[in-house]
């Protein structure tokens, strides 16, 4: 399954199911239902995503330091980070806030 996020200000943002589900859960949205993100809610959504990215990066660094302390190989650095996965959506939200249009999915 794919998640397709649509708005009038940009091209669609398409995510594979695990990534789209994670994004919607970060935003406090039901990943199983269609939805809409209104313009007045976008600043909070941007902050929630930025907070989640920060937490993800801190957790990765913690795991890396723990592995090094045990003399093990650190987790692979070539993973696709949450930052990389949500950046297109964050850019979409920035455009939507400027153009005053909502984002929809599942419709």
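The values are calculated or read from the model by the stated rules, or taken from the named source; none is laboratory data. All values derive from a computational prediction rather than experimental measurement. Every residue, glycine as well, gets a Cβ built from its backbone with ideal geometry; the counts of neighbours run over all protein chains shown.
Across the range 26-43, the qualifying residues are those that are assigned to a helix (DSSP H, G or I) and free of Cβ contacts under 8 Å to residues at least 12 places away in the same chain, and the one among them that is surrounded by the fewest Cβ atoms within 10 Å (Cβ to Cβ) is 40.
With respect to residue 89, is the statement that it is modelled with pLDDT under 95 and buried (at least 16 other Cβ atoms within 10 Å of the Cβ) true? So residue 89 fails the test.
Applying the set (1) over 20 Å from residue 17 (Cβ atoms); (2) touching a helix residue (DSSP H, G or I) at 6+ places or on another chain (Cβ under 9 Å); (3) surrounded by 11 or more Cβ atoms within 10 Å (Cβ to Cβ); (4) without any contact (Cβ under 8 Å) to a residue 12 or more places away in the chain to residue 73 leaves exactly one unmet item: (3). Of the numbered criteria (1) modelled with pLDDT under 95; (2) touching a strand residue (DSSP E or B) at 6+ places or on another chain (Cβ under 9 Å), the one residue 37 fails is (1). Would you confirm, using the coordinates I've provided, whether residue 46 is under 20 Å from residue 12 (Cα atoms), in contact (Cβ under 8 Å) with a residue 60 or more places away in the chain and in a helix (DSSP H, G or I)? No; evaluated as a whole, the condition is false for this residue. Taking the numbered list (1) surrounded by 18 or more Cβ atoms within 10 Å (Cβ to Cβ); (2) over 13 Å from the mean Cα position of the chain (by Cα) in turn, residue 13 passes all entries but (2).
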